[in-house]
Amino acid sequence: MSEENKSIWQKIYSPMILSLAVRNLKLNKFRTILSMIGIVIGVFAICGMGMISAGFTEEMNSMISDTADTLTISPVGEKVIDGTTTTGFSAKDLRDIESAVKSVTKEYEFIPMYSSTKYVYIGKETAMASVSGMDANDLEKIATLIQGTLPRGSTNVVVGETFAEDNDLRIGSRMIMLNSGGQEVTSRVVGILEDTGMMTLGFSTSSAVVGSIEWYTGLVGDNHGLYDKVIVKAYDPTELTPIDDAIEKKMNGKEDKDSDDTVYILNSYEIMEVFDEIMSMSSIFTTIISGISLLVAAVAITNVMLMSVKERTREVGILRSIGTYRSQILQMFLYEAGLIGLIGAVAGTLLALIAAPVMLLGMIGSVEAMLSPAVLVYVPIGILIGLIVCLISGLYPAWKAANLNPVEAMSTD
Amino acid sequence: MNPIPVVELHDVSKIYPMPAGDVHALNHVDFSIQKGEFVAIMGPSGSGKSTLMNMIGCLDVPTSGEIKINGKSTSEMTDDELTLHRRETIGFIFQKFNLISLLTAYENVEYPLILKYGHKDTTTRTRDLLTMVGLTEGQMQHTPYELSGGQQQRVSIARALANDPTFLLCDEPTGNLDSKMSTQIMEILTDLHAQGRTVVMVTHDPKTAEYAERIVIIKDGEIVNE
């Protein structure tokens, strides 16, 4: 190594200068620890909150993303048929809705269904179920069969995974429901539907009992042929909102979405977007809060470093007089600040790694999300932020020390 | 024709601007120190001897005139060049010893070597220097606070010699020591001079100045007697 290169390298890194910084930190252990606590808390907050909100978003997204491609359209307007007032979609309503969908896209599924809630008697147990009647081929488009076959005929049904587990149902199990006349109707389980999760914005299978239209009308009656619900599934989720608008316009007569006079539309894509927005808002909010705590820590570290410079003015004078470069003095104080930052940030990140799973377990009952990259990326982010904040905090005190006049510095006591 | 003097001052003035008017700490000073000399610079406080010492020590530059240390003019030097010059050319010995309290006696002496070579001393130089000034192996591992004043000044002499400087610059080297210790320290300096070292000493103590072979008296920023 040439003399010139060596001196450049010496200006960047000197073990002796690092050792001086370490010794000074050890000499003032209590002060070092106090200033470190600030950065530990700051990094813990920014890292922990980041992890929790990333983990939460991750978990929520995995729960609801599967169903974020549907519009659920329910009837609002009352109809008087044969002297009775009722609600539901007539064949004409269905045609109107479908034509509105068609005006936006050709890539869609249109699934009209009957639905209501009913008590189900299984052995001695009673359970509440959402019963639906729809075409078996339609069911396949909005739910996944994990066992058995699709329900056809007037006695066969499929049930949701959770409902089956809760009530100890398997293929071949029988259940009893009361029809509109109060008579017992027995249905047989022929299939199990995959669970759609606890947060479902479209068709939920969690307490579902689904049969054919024939089965449903046999059980509940046909309500003058009026359907209770229409699910529209778009293969491109971004088309959901235009479809939503088109149906609104057609059915409710105007684009004002607040007054639902004929239909009410649940747009899962829009809800997802709102949810995402809330999550990103809350993550901005937590970042700001953590940022403030980090700022407080930064001010504390600047203060501690200024004290350190003041206390060691004489030492700086001596070091300068016997041939230590300004840059090396700058380095010495930056090492100190950097070490406080590095150790504090690592500690803060470790604490966050302990606290975040505990919080996630409490909030969503699962720590699986902790292993996702979106969460783990907060480990290097936390350490880097802590380090950078401390180095910036130490910059002014270090610069001040480096620019002390050696003669004046040596004459201070 | 004389060889290049170790220290050479040509018409050196130093003016400190003050609100109450400029202070002329040094007024057109001319003098030089040759290699191998033992020079004492004497003068009462406020005479300008500290200013003169800072100039010779490359800690300060003159307002006008020229100072050459080891043949190099300091007036135009950058801070880094002055720092390097201090490290390579001058061995400082201070009244208050000025050891680095974070380091042991051994590390204090090793420090200039690390600054120069960028790594720990792998030779026996540090140990040899400390042995020469009379420190025991055990004392070498002590921090300055664990050593007496006399021992600290010995360490500081060893540190001053570490980089084999062109000359030693002593600022009241016995100012903080009792007479017995003072004598021992002055004997070390006399020995070093006898071995051919150039020694420049600033003092106001006539007894200490007696050890020097040449005495320069400074008063009101001017050299009055040589």
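Bear in mind that the values in this text are calculations on the coordinates, not laboratory data. Values in this document were obtained by computation on a predicted structure and should not be read as measured data. Note: ideal-geometry Cβ built from the backbone for every residue, glycine included; neighbour counts use all protein chains shown.
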Could you tell me how many cubic angstrom of Cα convex hull volume region A:136-176 has per residue?
78
Based on other C-beta atoms within 10 Å, arrange A:34, A:20 from fewest to most.
A:34, A:20
Ranked list, fewest to most other Cβ atoms within 10 Å of each Cβ, for B:128, B:60
B:128, B:60
Ratio of Rg to Rh for region A:70-234, alpha carbon only, Kirkwood?
0.97
Between region A:283-302 and region A:102-130, the Cα center-to-center distance that results, in Å:
50
What is the P(r) of the protein assembly as shown, as percent of Cα-Cα pairs per 10 Å bin from 0?
3, 12, 16, 13, 9, 7, 7, 7, 7, 8, 6, 3, 1, 0
Out of all DSSP beta bridges with both ends in region A:87-241, state the antiparallel percent to the nearest 5.
75
Rg to Rh for chain B: what is it, with Cα atoms only and Rh by Kirkwood?
0.97
In whole Å, what is the distance between the alpha-carbon centres of region B:38-111 and region A:132-152?
93
Checked against a 18 Å limit on the C-alpha separation, the offending pairs among B:14/B:68; B:14/B:49; A:141/A:229; B:72/B:96; B:180/B:207; B:35/B:68 are B:72/B:96
Per 10 Å bin from zero, what fraction in whole % of the C-alpha pairs of region A:328-390 is there, up to the bin with the longest pair?
22, 39, 23, 11, 4, 0
Surrounding net charge for residue A:361, when Lys and Arg each add one and Asp and Glu each subtract one, Cβ distance under 13 Å:
-2
Sort A:79, B:120, A:106 so the one with the fewest other Cβ atoms within 10 Å of its own Cβ comes first.
A:106, B:120, A:79
Treating only the Cβ atoms of Lys and Arg (+1) and Asp and Glu (-1) as charged, compute the dipole magnitude of the protein assembly as shown about its Cα centre; round to the nearest 20 debye.
2300
With N residues in region B:119-197, what two-decimal value do you get for its Cα radius of gyration over 2.2 N^0.38 Å?
1.08
Computed, not fitted: 222 nm per-residue ellipticity of chain A from DSSP H runs ≥ 4 (each -39500 (n - 2.57)), nearest 500, equal to -18500 deg cm²/dmol
